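Q: Right, I'll just put the structure down here and ask away after.
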Amino acid sequence: MIRAALRTTTAAVLGLTAAVVAPAAPARAAVGHAELALRWAPIHHQDVDATGTHALGGRSDYLTAVDFDGDFNGRNNWDRTGQAGADLAARVYYSVVETPTHWYLTYLFFHPRDWTDHPFGETEHENDGEGALFAVERDGSPYGTLRGAVTVAHSDFFSYTPAGSSWTSGRESVDGTLAFQSSPHDAFQHPVTAQEAQGHGLKAHPQYRINGDGVVYYPSTVAETPSGANDRDVRYQLVDIFAPGGLWAQRATSSLFAHLGTFAGDTTGGCGQGTWSCGTNSANAPWGWDDGNDLPGRGEIATDPAKLAAEYFAVPGTLSRSYTRNPYTGAAAALKAAARTAPRVTD
């Protein structure tokens, strides 16, 4: 009996020891900024107009990189879009800013031409930068929960919330519901955005939609070129705005930016011929986006997105205004000066 009790006690002690020293399951690594941007990057519907000489058979409505022609010269982009061999592979720029409570993901959709095909009162211009901001609550899940979005259509901002979001209208009224769609290239449901042809204003789908020809772009790590003006499965590559030597690093390059946040563009290459006129220096990067009728200042949709979220939405719970990561802050003084002195740009 004593020997049996000892065996029982020893087994219990050994079991307890094993329980104490058993290795814990490895913790899941935190999601990186590139992964986060890819997860929430939108499926994007681009309407395409293939008519008229400035359309280039639809190529003027393709998404591409600012340096699609191999240089950071904004003043030759209109011209080179129409040249044989122009690389119009799809790329979309992104930045990630974070607070203890939220991630803010900004996406820039770039076209070398903002164009028109008639002379009746509309202007066109070299370079075109529209985009979107997505606010994602850090709720403990790997990728968080998308709560609200603000899109850029020319010089106006439009706000959206997903169905069931706890965010509601703030100082600005919510303009619609942000829809989601599954991607054939990953396992996620992505928000869906859309751009009009020619001027490329950007809203949540279906406030803009493809009418006839169009390209449906899917977020990816590779850049594909549409096979034609009506290609419904094209992958776009995400490019970090803050990549070494990238877009933000070029912000003082005078051949690319006429002012801080405003792309340089001129009237060469036929821009304005047969139309009302061609504007110069008429498109913005995210740190130059501005809705002049709203309270947030020039560029703050990207550089101070928590401020914009607090203005545009009523947010239950905590919305921190303190940033734990904001790569734009190193240029805060220059951005503030540009907000005071840069000419008003009507994209």
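The values are calculated or read from the model by the stated rules, or taken from the named source; none is laboratory data. Remember, predicted model here, so these are calculated numbers, not experimental data. Cβ placement follows ideal geometry from the backbone for every residue including glycine, while neighbour counts extend to all protein chains displayed. Heavy atoms of the whole protein, side chains included, go into the accessibility calculation; ligands, DNA and RNA do not. Shrake-Rupley method; radii C 1.70, N 1.55, O 1.52, S 1.80 Å.
Q: Tell me, what is the 1.4 Å probe accessible area of D69, in Å² to the nearest 10?
A: Spelled out: D69, probe radius 1.4 Å, area about 40 Å².
Q: Per 0.36 nm of contour for each residue apart, how much would the distance between T346 and H118 grow if the chain were fully extended, relative to their Cα-Cα spacing? Please list the in-between numbers first.
A: Details: separation 228, 0.36 × 228 = 82.08 nm, distance 1.92 nm.
Using 0.36 nm per residue and subtracting the Cα-Cα distance, I get 80.2 nm.
Q: Quick one: Karplus J couplings for region 205-222, per residue in order, coefficients 6.51, -1.76, 1.60, θ = phi - 60°, nearest Hz, x for Gly and Pro?
A: 5, x, 5, 10, 8, 6, 10, x, 5, x, 10, 9, 9, 10, x, 6, 10, 10
Q: Something else about it: Please say if region 111-232 is rounded, prolate or oblate, where rounded means a/c under 1.5 for a ≥ b ≥ c the square roots of the C-alpha gyration tensor eigenvalues, and otherwise the choice is prolate for a/b larger than b/c and oblate otherwise? All intermediate terms of the calculation are to be shown ahead of the outcome.
A: Values: a/c = 2.29, a/b = 1.37, b/c = 1.68.
Oblate, since a/c reaches 1.5 and b/c is not below a/b.
Q: Could you work out how much longer the chain between T145 and A84 gets when fully extended? Use 0.36 nm per residue separation minus the Cα distance between them, nm to one decimal.
A: Result for the pair: 17.6 nm of gain on full extension.
Q: Among DSSP beta bridges whose residues both lie in the chain, state the antiparallel percentage, nearest 5. Can you show the working numbers first?
A: Details: 47 of 67 bridges.
Given both bridge residues lie in the chain, the antiparallel proportion sits at roughly 70 percent.
Q: Considering amide H positions built from the backbone, and no H for Pro or chain starts, which residues 5 or more places from W289, or on another chain, come under 5 Å of its amide H?
A: Amide H to amide H, under 5 Å and 5 or more residues apart or across chains, W289 pairs with G299.
Q: Additional query: Would you please classify the overall shape of region 174-321 from the alpha carbon gyration tensor, given that a ≥ b ≥ c denote the square roots of the eigenvalues, rounded means a/c under 1.5, and beyond that prolate means a/b larger than b/c while oblate covers the rest? Write down the numbers at each step before the final one.
A: On the way: a/c = 1.45, a/b = 1.04, b/c = 1.39.
Here region 174-321 falls in the rounded category.
Q: Loop only per DSSP, at most 14 neighbouring Cβ atoms within 10 Å: give me the GluC sites (Glu not before Pro) in region 162-231, ordered by residue number. Please report the intermediate quantities before stating the final value.
A: Numbers: sites: E172, E196, E224; in loops: E172, E196, E224.
Answer by residue number: there is no such site.
Q: Here's something else I'd like to know. Taking a ≥ b ≥ c as the square roots of the Cα gyration tensor eigenvalues, with a/c under 1.5 meaning rounded and otherwise prolate when a/b beats b/c, else oblate, which class fits region 185-236?
A: Oblate.
Q: What are the ³J(HN,Hα) couplings of region 55-69, residue after residue, when phi is run through the Karplus curve with 6.51, -1.76, 1.60 and θ = phi - 60°? Round to Hz, x for glycine and proline.
A: 6, 6, x, x, 5, 5, 9, 7, 6, 7, 8, 4, 9, 4, 9
Q: Around A153, which amide H atoms from residues at least 5 apart in sequence, or from another chain, sit under 5 Å from its own amide H, with H modelled in the peptide plane?
A: Here F158, L202 satisfy the definition.
Q: Enumerate the calculated ³J(HN,Hα) couplings along region 245-254 in order (Karplus 6.51 cos²θ - 1.76 cosθ + 1.60, θ = phi - 60°), each rounded to whole Hz, writing x wherever the residue is Gly or Pro.
A: Each residue of region 245-254 in turn: x, x, 4, 5, 5, 9, 5, 9, 6, 5 Hz.
Q: Follow-up question, since we're still on this one. Contact order normalised by length for region 122-172, with contacts defined as Cα pairs under 8 Å and 6 or more residues apart; what percent is it?
A: Details: 61 pairs, mean separation 13.3, N = 51.
The normalised contact order for region 122-172 reaches 26 percent.
Q: Could you tell me the relative contact order of the chain? Use alpha-carbon pairs under 8 Å, at least six residues apart, and round to a whole percent. Could you put the intermediate results ahead of the total?
A: Details: 826 pairs, mean separation 75.3, N = 347.
Value for the chain: 22 percent.
Q: Sequence-distant or interchain residues sharing an amide H contact under 5 Å with A197, placed H: which?
A: Under 5 Å from the amide H of A197 lie the amide H atoms of D47, each far enough along the sequence or on another chain.
Q: Something else now. Hand me the trypsin sites (Lys or Arg not before Pro) from region 94-197 located in a DSSP loop with no more than 16 other Cβ atoms within 10 Å, in residue order please. Spell out each step's value before the answer.
A: Working: sites: R113, R138, R147, R171; in loops: R138, R171.
Within region 94-197, the qualifying trypsin sites (Lys or Arg not before Pro) (loop, at most 16 other Cβ atoms within 10 Å) are R138, R171.
Q: Now a separate question. How much of the accessible area of the chain, probe 1.4 Å, is carbon plus sulfur, in whole percent? Mind showing how you got there, number by number?
A: Numbers: 7680 of 14620 Å².
Carbon and sulfur: 53 percent of the exposed surface of the chain.
Q: Continuing with the same structure: Roughly how many Å² is the accessible area per residue of the chain, as a whole number, for a 1.4 Å probe?
A: Values: 14620 Å² over 347 residues.
That works out to 42 Å² for each residue.
Q: May I ask you to list the chymotrypsin sites (Phe, Trp or Tyr not before Pro) in region 140-200 that are in a DSSP loop and have at most 16 other Cβ atoms within 10 Å of their Cβ? Could the numbers behind the result be given before it?
A: On the way: sites: Y143, F157, F158, Y160, W167, F180, F188; in loops: Y143, W167, F188.
Filter output for region 140-200: Y143, F188.
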